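This report concerns only the one structure given below.
The values are calculated or read from the model by the stated rules, or taken from the named source; none is laboratory data. Remember, it's a predicted structure, so these values are computed and weren't measured experimentally. Don't worry about glycine lacking a Cβ; one is built from the backbone with ideal geometry, like all the others, and counts go over all protein chains shown. Note: areas computed on protein heavy atoms with side chains; ligands, DNA, RNA excluded. Shrake-Rupley method; radii C 1.70, N 1.55, O 1.52, S 1.80 Å.
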Amino acid sequence: MQQDLQNADCIVIQGSNMAECHPVGFQWVMEAKARGAAVIHVDPRFTRTSALADLHVPLRAGSDIAFLGGIINYVLSQEKYFREYVVNYTNAATVITGQFADTEDLDGLFSGFDPEHRGYDARTWQYEEAEVQAASGQRDELYEDRAAMASVRQAGRGEAHGSGGAHVGPPRTDPTLEHPRCVFQILRRHFARYTPEIVEQICGVPPRTFGKVCELVTGNSGRDRTTAFVYSVGWTQHTVGVQYIRTAAILQLLLGNIGRPGGGILALRGHASIQGSTDIPTLFNLLPGYIPMPHAHGNEDLDAFVAAEGTDKGYWAQLRAYLVSLLKAWWGPAATPDNGFCFGYLPRLTGSHSTYETVMAQLAGDCKGYFLFGENPAVGSANAKLQRLGMSRLDWLVVRDFSLIESATWWKDGPEIETGEMRTTDIGTEVFFLPAAAHTEKDGSFTSTQRLLQWHHQAVAPAGDARSDLWFAYHLGRIVREKLAAGGPGGQASPGHAAAEMDRPVLDLTWDYPTRGETAEPEAEAVLAEINGYDAHGDPLSSYQQLNGDGSTACGCWIYCGVYAGGVNQAARRKPGRDQDWIASEWGWAWPANRRILYNRASADPGGRPWSQRKALVWWDEERAAWTGHDVPDFAAGKSPRYRPPDGATGADALSGIDPFIMQADGKAWLFAPAGLLDGPLPAHYEPQDCPFPNLLYKQQRNPARQVLPFVHPGNRFQPSGGAPGSDAFPYVATTYRLTEHHTAGGMSRWLPYLAELQPEFFCEVSPELAAERGLEHLGWATIVTARNAIEARVLVTGRMTPLTVQGRRLHQVGIPYHWGPNGCSRGDPANDLASISLDPNVHIQEVKAFACDIRPGRRPRGPGRVELVREYQRRAGITEQTGTEP
Amino acid sequence: MSEGVGGRRRVAPWLPGVRGGRFAGALAGEVDPAAVDGHAGHPPRVGFFTDTSVCIGCKACEVACKEWNRVPEDGLTFTGMSYDNTGGLGADSWRHVAFIEQPAPGGLPRATQPQAQASRDSVDVFALAAGGDGPAEPPAGGQLRWLMSSDVCKHCTHAACLDVCPTGSLFRTEFGTVVVQEDICNGCGYCIPACPYGVIGRRAGDGRAWKCTLCYDRLGDGMEPACAKACPTDSIQFGPLEELRERAAGRLARLHQAGVAGARLYGEDPRDGVGGAGAFFLLLDEPEVYGLPPDPVVTTRDLPSMWRHVAAAAVAVTAAAAASFAADLLGRRLR
């Protein structure tokens, strides 16, 4: 959590501009600094965060895995790792199957790659003599195997899942870390080539600066000191984004910095409740509480799903209790043991249905309707032009926002109207604009970056027709249900039994929230109470450990269970910080179980004593035979450090007293991920989709599993990379970002005069050297071009943009804030018009933090000339529909 | 958190009674402006200590000020002056964050004290980081510094704006601050050139003078000013002036100890040209770098002697006029 940053001895902020984008949380970085911590900012640009850091390390955008991999190599080769922590709390000692082959062996590929399907078969990444399921990420990878195994088990054991059956033994380990196939030795070999020279060549960071970072990080890690990492979308928004964070996780685990005060890896979320929108997701592939959405496997029922997606050991072994309670919350009395608690009502995945696949489906005419709630894809999503083209093929579009954002008006005044690519009279999309209430105008909760739920009460009633999202969703559902109950749209008799069956999932929903006032606003607290859950008597639950898989409990999101304990809105607690300790456990409520630092059992040594007094957080109290400390212990309260599970134990009982990572099937933190990832068990440096440099580390240029093939489209052309013919047409590296003064795609800031005046126009940032090279004038105009589009921006020439020497040549980077669009008080071209749709395979996030571009002086052409300019670049670079799509 | 970076205050010690009558305005030899202006038994003088060494340039102060005081938008102009599109203080900007990009003096600030003591016994100095304790190799173009500072009305001990105001619109409050009463201001504009810092401006289409009130309305309700409340890093600290000066001295000493040689206080000295500012600053470079006058003087300082000269001149002029009139009269009679 952010307050815990004050306890850090060193803070590395990388892939994040925390001071600008999270200024309130940044106070804790300043507090740490005041207490003597070193603050390092690793970022392509010198930002407001760099201004307050002790050391700013400029690096090439898109090269962070090489940089972090270099630190890992330093830690391993200089024996700087925290051995006792690593041996006991991570899977360093676990032996991996002999079928595994590393990028070392396959020149940039891991074993199991299928070039035809552009994906990996993860079977060869498994533990020897054991098979483990991931705690998060891709849990459907081995569905057939696991479901089959479950059916064998069921045949012998009936409903008692996992408690015997096919025995999955403990994995083979070597605590000396000497076995050549143990994770630790694999790591050593894997990262050996990430040398300081490679860091210099790939990242453009001189060895001495790199060495300084290595010293600060390792010198501030160990029993008595901790280093924290902070990242944001500067790490995630890459075609290999998930592996950026994995690299940091490996480093922090080797240094023993996870689960300890002043340690950890803080993911700063980009919007007030983005954490909440993954906990109770707006994502296509998750159910509340990170339960995977079922795939469309033949005949998959509740038992098969639980067997395939759950674990035998650790807290995911209770998946059935979490899922059945969710189904009870949604379908109430209709969910019975006989119908698998309505498991069949859940939608099934047939593949990726991310926002980008949805756009392609719109273009293909398959997706006919679109709701936009507080989302402005015509500005905020990668390849914004493709977003607008997609919306022009819809039958209907509903936009709920504060103002007439670009996504609501593209059909009459969007950029494609100006270029002649679209004509208003040709567009059949019916656009509905519905004004939305602001957070001050409604009750509800925010879940912050640190899993903290904070309740906000309505301060004023929304003006005019503006309504809350809750109001809209509730009444839309109510009206749809009324229409279905009356036999379909218009109340006509249903054509047959099948249609009625099809409607049951909607008609059986519990949809009876109390409302109040003239507008019939639903009670937000009633929704919170349902999320919290209740028992068979209707009394609120207080902990997810009370959840049952027999239908006797209901809970809308198992990790939120306890937020309404005792019938009290715990998220509304506001005891001031000055009246409690730094953990501030009585301010709001954090999931799970109001615990503020996850995996905090790791803050004590294997014997249960704090690693040092200075870094004490939770510890084993021998007298009381219980875990205690400053935070809520993230461990079974009475489980002694000496506890070792008996043979055949399952669930939480299968974890020993030295297994702090209780969500993992083996209780250990995964340096090597045997399951859960689609692009490798270890991170490897791959270059961005569009990049002017070849990959120096492997023959494999880009992440072979990245998602590009579904997005081949004339409006989404990729560029030649790394010295391939034509790549010199795009010699610079662009990176997009936010400013303090504006918010994401601008819907909440560009219409507000007080914010608009602070950054009144779209601009780009370039170094004086690049300005001289390209004839760009300060305060003049520049046109920035990629294979997708050309945009114009005012020029801000600044020494804060640092040219780098990469692979022996001078590299200039272009900074492009992405807040703007043509509407509002503060206007400009959308930076996302430049970006391609090319995605990370694990989480389907777009690569907008690093892509190659060209920049030239002057404004972009008007009318069809704009399209022609882009075509000219495409011709010059020899771009075809195949360019950049190779594995 | 026991205390914030600067020890954020949560109560209202500047209100009468809260501090148990421990009146603190009178530093040795220092003028007590509220008493001078007739506020008997007034609460302690309050002000701002703006510690620019922790300012992150978020401009929350500018926005909070405008929101609370309903100050209008000040123009949508892209200035190109780093991230500063406000430009300066005026009728429609009562807080202004300056952004100064410059080469860092003397490389990097030394990391930290505990840092230096970090267990290094086993340190096998990373071969390529030779010379490890010196500053890291600066990137091409040199290590940068980006100074940020939130400027505001100084609420001078000797306030020229107040001296020249003919209507009494500008007045000294019981808190020792200087406030314009917009319902009395007649828009004469005398206060504008009188301010040695260029703080006050006349609002277009309104004609009256406007500036920071140090949130006089909030003070009366026991609340700190909006800008200080919004500041996330406690760069803007509000409180009794005497206490702020102590805090500033401590902070300055710590920075000097940490090797930040350029750190200095600006406006805290009661012996300066305005008798000390009610809003003073910790700067990391010369005041001119931030656009602040290095040696401000209350512009009405020489008024008494000027008036003596004016009076003498007036007598002479009157005499001359009288003589001329007499001569004229005489001339007419002679015709």
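Considering each residue of the range A:425-433 in turn, none proves to be in contact with a Lys or Arg (Cβ under 9 Å, 6 or more places away or on another chain) and under 30 Å from residue A:590 (Cβ atoms). For residue A:54, are the conditions met, namely being open to solvent by less than 30 Å² (accessible area, probe 1.4 Å) and either among the aliphatic types (A, V, I, L, M) or within 14 Å of chain B (Cβ to nearest Cβ) (or both)? So residue A:54 passes the test. From A:97, A:49, grab the single residue that is surrounded by 24 or more Cβ atoms within 10 Å (Cβ to Cβ) and among the β-branched types (Val, Ile, Thr). Answer to the check: A:49. Among the residues of the range A:794-803, those identified as part of a strand (DSSP E or B) and either touching a helix residue (DSSP H, G or I) at 6+ places or on another chain (Cβ under 8 Å) or more than 23 Å from residue A:831 (Cβ to Cβ) (or both) are A:795, A:797, A:801. Within the option set B:40, B:26, being at pLDDT 90 or above and of a type outside the set (Val, Ile, Thr) holds for one residue only, B:40.
Set side by side, the residues A:400, A:388, A:348 differ, and just one is open to solvent by 30 Å² or more (accessible area, probe 1.4 Å) and charged (D, E, K, R), which is A:348. Please determine, by comparing only the residues of the range A:415-453 that are in contact with a helix residue (DSSP H, G or I) (Cβ under 6 Å, 6 or more places away or on another chain) and in a strand (DSSP E or B), which one is most open to solvent (accessible area, probe 1.4 Å). Looking at the filtered set, the residue picked out is A:433. Among the residues of the range A:586-607, just one is within 14 Å of chain B (Cβ to nearest Cβ) and either assigned to a helix (DSSP H, G or I) or not hydrophobic (A, V, I, L, M, F, W, C) (or both), namely A:596. Annotation note: of A:650, A:628, the sole residue that is open to solvent by 10 Å² or more (accessible area, probe 1.4 Å), in contact with a strand residue (DSSP E or B) (Cβ under 8 Å, 6 or more places away or on another chain), among the β-branched types (Val, Ile, Thr) and without any contact (Cβ under 8 Å) to a residue 60 or more places away in the chain is A:628.
Contact map, the range A:554-570: residues that are free of Cβ contacts under 8 Å to residues at least 40 places away in the same chain paired with residues that are polar (S, T, N, Q) and surrounded by fewer than 24 Cβ atoms within 10 Å (Cβ to Cβ), Cβ distance under 6 Å, separation 6+ or inter-chain. Pairs shown: A:562/A:542; A:562/A:543; A:565/A:542. Among residues of the range A:187-221 being open to solvent by 10 Å² or more (accessible area, probe 1.4 Å) and among the hydrophobic types (A, V, I, L, M, F, W, C), the one that is nearest to the other protein chains (Cβ to nearest Cβ) is A:216.
For the range A:752-775, residues that are under 26 Å from residue A:862 (Cα atoms) and either within 12 Å of chain B (Cβ to nearest Cβ) or crowded, with 22+ Cβ neighbours inside 10 Å (or both) total 11.
When A:736, A:783, A:740 are screened for being away from chain B (no Cβ under 14 Å) and buried (at least 22 other Cβ atoms within 10 Å of the Cβ), only A:736 passes. Looking across B:12, B:98, one residue alone is over 30 Å from residue A:222 (Cα atoms) and modelled with pLDDT under 95. It is B:12. Flag not set for residue A:69, criterion: open to solvent by less than 10 Å² (accessible area, probe 1.4 Å), closer than 22 Å to residue A:241 by Cα, in a loop (DSSP other than H, G, I, E, B) and not charged (D, E, K, R).
Quick grid of which residues meet (1) surrounded by fewer than 18 Cβ atoms within 10 Å (Cβ to Cβ); (2) of a type outside the set (Ser, Thr, Tyr); (3) part of a loop (DSSP other than H, G, I, E, B); (4) in contact (Cβ under 8 Å) with a residue 60 or more places away in the chain:
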position: A:298; (1), (2), (3), (4): yes, yes, yes, no
position: A:306; (1), (2), (3), (4): no, yes, no, yes
position: A:322; (1), (2), (3), (4): no, no, no, yes
position: A:331; (1), (2), (3), (4): no, yes, no, yes
position: A:343; (1), (2), (3), (4): no, yes, no, no
position: A:371; (1), (2), (3), (4): yes, yes, no, no
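In the range B:213-238, the qualifying residues are those that are in contact with a helix residue (DSSP H, G or I) (Cβ under 8 Å, 6 or more places away or on another chain) and away from every other protein chain (no Cβ under 14 Å), and the one that is surrounded by the most Cβ atoms within 10 Å (Cβ to Cβ) is B:225. Can you spot a residue in the range A:34-41 that is within 11 Å of chain B (Cβ to nearest Cβ) and part of a helix (DSSP H, G or I)? Looking through the range A:34-41, at least one residue is within 11 Å of chain B (Cβ to nearest Cβ) and part of a helix (DSSP H, G or I).
Of the residues A:85, A:74, which single one is surrounded by 24 or more Cβ atoms within 10 Å (Cβ to Cβ), facing another protein chain (nearest Cβ under 8 Å), in a helix (DSSP H, G or I) and in contact (Cβ under 8 Å) with a residue 24 or more places away in the chain? Criteria check complete, one pass: A:74.
The set of residues in the range B:51-88 being assigned to a strand (DSSP E or B) and either in contact (Cβ under 8 Å) with a residue 24 or more places away in the chain or more than 10 Å from every other protein chain (Cβ to nearest Cβ) (or both) consists of B:51 alone. (1) open to solvent by less than 10 Å² (accessible area, probe 1.4 Å); (2) in contact with a Pro (Cβ under 8 Å, 6 or more places away or on another chain); (3) not aliphatic (A, V, I, L, M): which one isn't true of residue A:357, the others all being true? That leaves (1) as the condition not met.
The rows are residues; the columns are (1) within 14 Å of another protein chain (Cβ to nearest Cβ); (2) under 24 Å from the mean Cα position of the chain (by Cα); (3) crowded, with 24+ Cβ neighbours inside 10 Å.
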{"position": "A:223", "(1), (2), (3)": "yes, no, no"}
{"position": "A:226", "(1), (2), (3)": "yes, no, yes"}
{"position": "A:231", "(1), (2), (3)": "no, yes, no"}
{"position": "A:240", "(1), (2), (3)": "no, yes, yes"}
{"position": "A:243", "(1), (2), (3)": "no, yes, yes"}
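With respect to residue A:397, is the statement that it is closer than 24 Å to residue A:283 by Cβ and without any contact (Cβ under 8 Å) to a residue 40 or more places away in the chain true? In short, yes. Among the residues making up the range A:446-464, those that are of a type in the set (Val, Ile, Thr) and farther than 18 Å from residue A:561 by Cα are A:449, A:460. Once the range B:276-299 is narrowed to residues that are in contact with a Pro (Cβ under 7 Å, 6 or more places away or on another chain) and either of a type in the set (Val, Ile, Thr) or within 16 Å of residue B:146 (Cβ to Cβ) (or both), the residue that is surrounded by the most Cβ atoms within 10 Å (Cβ to Cβ) is B:298.
Among the residues of the range A:653-664, just one is at pLDDT 95 or above and open to solvent by 20 Å² or more (accessible area, probe 1.4 Å), namely A:658.
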